[in-house]
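The values are calculated or read from the model by the stated rules, or taken from the named source; none is laboratory data. As the structure is a prediction and not an experimental result, all values here were calculated from the model. Please note: Cβ atoms are built from the backbone with ideal geometry, for glycine as well, and neighbour counts cover all protein chains shown.
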Amino acid sequence: MSDKLKEIINKQKKRDDLSISHSDDVVQLVGFVIGEEEYAVPILSIQEIIKPIAWTRVPQTPAYILGVFNLRGSVIPLIDLRVKFGLKSKKHNEETRFFVLKQGDDVAGFVIDRLTMALRIRKSDIGAAPDSVAGDESMIDGVGKQDDRILTILKVNKLLERDF
């Protein structure tokens, strides 16, 4: 590991230790960007994050279902979050990633525009979903505040829900 990388890791560790003590109730998330918005999901729900690989289109599925891909012998549905969130599809680039979410027996792959970072946020810094989208049917679990940014925390069970 390079000295510069060690220095960055140590600075991050010190900043985390100062801002969030181990006794605080903390949520660990992975942040990502879709369009212009930043979202996050709990880190423990992510099975893996990979660069885009080949997938096979499946006929008669909604537009946001790109198809399925094979990940070490498992056939996994691939969902384009841009399209699911009402944005136009975009050609994949160097920052595009697939992340595979798993909760119980439910597994799916999701296309994201780019990863941001792993985050540790105090539960007290997470607000409820806005009233206009709150409820059991909403995909939004809450809104996290960290420094000068706000990110939307998504419900993994709603992302994995099969509505196709």
Out of (1) at positive phi; (2) touching a residue at least 12 places away in the same chain (Cβ under 8 Å), the odd one out for K102 is which? (1)
Those residues of segment 58-74 which are exposed (fewer than 14 other Cβ atoms within 10 Å of the Cβ) and either modelled with pLDDT of 95 or more or part of a strand (DSSP E or B) (or both) amount to N70, S74
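Every residue in segment 80-90 that is within 23 Å of V30 (Cα to Cα) and without any contact (Cβ under 8 Å) to a residue 40 or more places away in the chain, please.
So the first thing to find is which residues in segment 80-90 are within 23 Å of V30 (Cα to Cα), and the list is 80-87, 89-90.
Listed by number, the residues that qualify are D80, V83, K84, G86, S89, K90.
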Among (1) surrounded by 13 or more Cβ atoms within 10 Å (Cβ to Cβ); (2) at pLDDT below 95, D25 falls short only on (1)
Can you tell me which residue in segment 136-164 is surrounded by the most Cβ atoms within 10 Å (Cβ to Cβ), limited to those that are part of a helix (DSSP H, G or I) and touching a Ser or Thr at 6+ places or on another chain (Cβ under 8 Å)? V156
Six or more apart or on different chains, Cβ atoms under 9 Å: show the pairs whose first residue is in segment 35-63 and within 16 Å of S89 (Cα to Cα) and in contact (Cβ under 8 Å) with a residue 12 or more places away in the chain and whose second is exposed (fewer than 12 other Cβ atoms within 10 Å of the Cβ) and hydrophobic (A, V, I, L, M, F, W, C). T61/F164; P62/F164
